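Readers should treat all values here as calculations from the given coordinates under stated rules, not as data from a laboratory. Predicted model, so just to flag it, every value in this text is computed and none were measured. Methodologically, a virtual Cβ is constructed for each residue, glycine included, from the backbone with ideal geometry; neighbour enumeration extends over all protein chains shown.
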Amino acid sequence: MGLPEERGRSGSGSRGQEEAGAGGRAQSWSPPPEVSRSAHVPSLQRYRELHRRSVEEPREFWGDIAKEFYWKTPCPGPFLRYNFDVTKGKIFIEWMKGASTNICYNVLDRNVHEKKLGDKVAFYCGDGVLPCWPGWSQIPDLREGNEPGETTQITYHELLVQVCQFSNVLRKQGIQKGDRVAIYMPMIPELVVAMLACARIGALHSIVFAGFSSESLCERILDSSCSLLITTDAFYRGEKLVNLKELADEALQKCQEKDFPVRCCIVVKHLGRAELGMGDSPSQSPPIKRSCPDVQISWNQGIDLWWHELMQEAGDECEPEWCDAEDPLFILYTSGSTGKPKGVVHTVGGYMLYVATTFKYVFDFHAEDVFWCTADIGWITGHSYVTYGPLANGATSVLFEGIPTYPDVNRLWSIVDKYKVTKFYTAPTAIRLLMKFGDEPVTKHSRASLQVLGTVGEPINPEAWLWYHQVVGAQRCPIVDTFWQTETGGHMLTPLPGATPMKPGSATFPFFGVAPAILNESGEELEGEAEGYLVFKQPWPGIMRTVYGNHERFETTYFKKFPGYYVTGDGCRRDQDGYYWITGRIDDMLNVSVREKIGPIATPDYIQNAPGLPKTRSGKIMRRVLRKIAQNDHDLGDTSTVADPSVISHLFSHRCLTIQ
């Protein structure tokens with residue numbers, strides 16, 4: 001694999017170092033000695049040893065990790081069976097098939113009863129706006145709310161009780177093992193409770209991001225035939241009020257029109273109160289929360305039920321449903337190139353092993369850490385690194401309902417100081433947004449607790465990486481730049497904080513059990529320094545098992561192009577040191593063969609082609625220059641920071657395809 005030798009720690013990351021990272025042999029930063037000394041993987045040599053074993057002996061490597069979890073019955077047969085080659089038959093992956101367990105039991109009961117962590121905080125949160133209806137104090141709020149507020153928290157024992165109560169609620173509503181439950185909620189505590197309750201009784205949760213439209217919700221409910229919906233009256237996104245119940249009602253009406261009536265909708269009272277109009281409310285509605293306006297919602301008699309009323313009637317003990325390791329755990333939809341979302345299916349046992357292990361090693365988790373992932377649970381990052389991964393390790397986390405710029409651009413760093421966050425995980429988009437406001441909103445806060453910084457969602461450009469490292473991390477925090485997908489379940493290419501010398505913009509090396517390769521268009525593996533298709537040669541426990549209801553699409557999308565490999569759909573470059581750099585989606589192109597479908601008004605006047613885009617030496621695309629080129633305006637202003645001026649000349653002189 002050509003891993004580099006360990007180097008001494010580099011300097012402060014000057015502008016010269018930034019430009020070195022944009023081309024040629026990129027500058028690297030080795031982990032600080034104080035980080036390496038306490039790390040689970042303290043050196044590059046130890047990483048090499050563990051990675052080699054995980055790839056060459058996956059059954060033994062993952063078998064040892066599996067011993068750390070509770071299994072109702074052991075694996076009776078082969079630990080791993082799979083086929084990645086469509087020419088040899090159906091694609092399948094089986095880890096520990098026949099063994100039985102329950103992921104909710106492992107992330108809650110095991111921590112409370114076996115590890116004696118019942119009194120440990122599972123989630124820190126601000127109270128935002130507190131409810132004032134009778135009995136609210138018996139239902140702890142675990143939210144770092146949209147509005148700053150006093151600290152509240154929930155322990156592992158308290159979370160277990162709430163999950164058991166809602167598990168009983170679902171069973172009373174007729175939900176059984178294998179049923180699908182749609183969840184359409186913002187980042188409030190009940191979202192965590194709902195997804196874990198589904199897992200406890202063997203139902204599949206299908207979480208739909210609360211920013212999606214009613215049409216998107218309807219489409220996902222129909223595709224997986226969800227029999228129950230869980231939603232919220234309303235929530236704030238910064239200053240914007242979102243009436244989520246109204247959108248949910250629209251989605252259920254669309255389902256009704258398509259001959260799929262959803263028989264039950266459980267509604268969390270987050271901000272407002274019910275409006276009589278579509279049938280009487282089943283009981284007296286509790287008052288609205290303090291400091292909130294009246295949020296009027298419609299009430300559908302016979303379908304809508306209040307969460308809090310159901311919970312008050314539910315018992316606080318619930319025997320888990322013991323599931324096969326290969327039973328489905330959840331469905332999460334990701335957009336497809338055809339426009340129809342794909343229902344990615346993850347299974348109980350393999351997903352549990354993988355998210356627990358990636359969380360432990362990628363963030364170098366220790367018992368005293370406070371972890372904060374800013375992602376929404378509506379995305380895979382929130383599934384894996386807000387809920388399942390941290391809880392599987394007995395971690396204390398922050399649950400964040402707000403946005404980075406509300407009520408001001410200090411919000412993230414004030415929360416870091418408030419809860420003494422040690423491991424922080426966010427998106428390059430957020431980093432670039434906050435960069436625009438300068439260093440002062442960051443440096444006015446201590447941030448002394450921070451030990452590891454992480455990025456997720458897209459490759460981070462070197463300029464943002466350096467700001468994150470120098471300003472947010474004060475040049476002392478390793479950055480784990482993680483590459484992975486909804487389909488992979490967890491991290492695939494990533495640094496390890498105590499072991500990996502970092503290069504700005506590179507996802508560095510594969511995680512344990514991951515065997516990457518770079519292929520050319522003919523499907524030939526490229527060795528050494530190369531660029532092409534990123535693929536994986538063998539399964540890891542967290543890999544998706546199918547597309548819900550459409551296994552043929554699963555095979556076609558991920559395995560047909562290069563038989564024998566899982567195809568990520570991403571391009572990748574491997575440099576002379578063996579570092580991996582994600583270059584973007586292979587299918588990021590404009591389809592111009594559908595004139596009769598999109599109409600003349602939507603077709604481009606012409607398409608320009610070039611071997612690259614005008615970028616600064618730090619990798620930032622100069623969109624100002626692109627706009628000038630699009631207008632055929634040669635007055636470009638200052639272009640001294642362009643890394644390759646020939647790209648501009650090429651774009652001006654090559655209009656490769658004119659559409660008539």
Under-5 Å amide H pairs with T396, H placed in peptide plane, nonlocal only:
F371
Amide H contacts of I297 (H built 1.01 Å from N, under 5 Å, at least 5 apart or other chain)
R273, E275
Round to a whole angstrom and tell me the spacing of the C-alpha centers of the range 83-115 and the range 447-499.
28 Å
Under the Karplus curve 6.51 cos²θ - 1.76 cosθ + 1.60, θ = phi - 60°, whole-Hz ³J(HN,Hα) for the range 417-426, x wherever Gly or Pro sits
5, 4, 9, 6, 5, 9, 10, 10, 9, 8
Can you give the relative contact order of the range 299-412 as a percent, counting alpha carbon pairs under 8 Å and 6+ residues apart?
18 percent
Quick calc: nm separation of the 7 Å Cα→Cβ label points for E555 and E521 -> 2.7 nm
Given an 8 Å cut-off on Cα distances and at least 6 residues of separation, report the relative contact order of the range 153-269 as a percent.
25 percent
HN-Hα J couplings of the range 309-322 from phi, Karplus 6.51/-1.76/1.60, θ = phi - 60°, integer Hz, Gly and Pro as x?
6, 5, 5, 5, 9, 9, x, 9, 10, 8, 5, x, 7, 7
What is the distance, in nm, between label points placed 7 Å from the Cα along the Cα-to-Cβ direction at S653 and at E458?
3.1 nm
Counting only C-alpha contacts under 8 Å and six or more residues apart, can you give the relative contact order of the range 393-518 as a whole percent?
19 percent
I need the per residue convex hull volume for the range 427-566, using only the alpha carbons, in cubic angstrom as a whole number.
141 Å³
Cα gyration tensor of the range 144-237, axes a ≥ b ≥ c as square roots of the eigenvalues: rounded (a/c below 1.5), prolate (a/b > b/c) or oblate?
oblate
The answer for the net charge of residues other than N102 whose Cβ lies under 12 angstrom from its Cβ, with Lys and Arg +1 and Asp and Glu -1, is -1
Note: D119 to Q312 extended length (0.36 nm per residue) minus current alpha-carbon separation gives 67.2 nm
Which entries of K177/K269; K67/K561; K67/K245; K172/K342; K420/K503 have Cα-Cα distances beyond 32 Å here?
K67/K561; K67/K245
Ordering of 401-411, 530-540, 373-383 by packing [mean C-beta count within 10 Å, highest first]:
373-383, 530-540, 401-411
If r is the Cβ-Cβ distance from I586 to K90 and R0 is 25 Å, what FRET efficiency results, to the nearest 0.05?
0.50
From the backbone phi of the range 450-464, what are the Karplus-calculated ³J(HN,Hα) couplings (6.51 cos²θ - 1.76 cosθ + 1.60, θ = phi - 60°) in whole Hz, Gly and Pro given as x?
4, 10, 9, 10, x, 10, 7, x, 6, x, 8, 6, x, 4, 5
List the lysines whose alpha-carbon lies under 17 Å from that of K615, not counting same-chain residues fewer than 8 positions away?
K628
Pull out the extension gain between Y82 and Y406, defined as 0.36 nm times the separation in residues minus the alpha carbon to alpha carbon distance; nm, one decimal.
111.9 nm
What does the C-alpha gyration tensor say about the overall shape of the range 364-416? Classify as rounded when a/c is under 1.5, otherwise prolate if a/b is larger than b/c, or oblate.
oblate
Expressed in angstrom and rounded, the centroid-to-centroid distance over alpha carbons for the range 345-392 and the range 519-562 is 24 Å
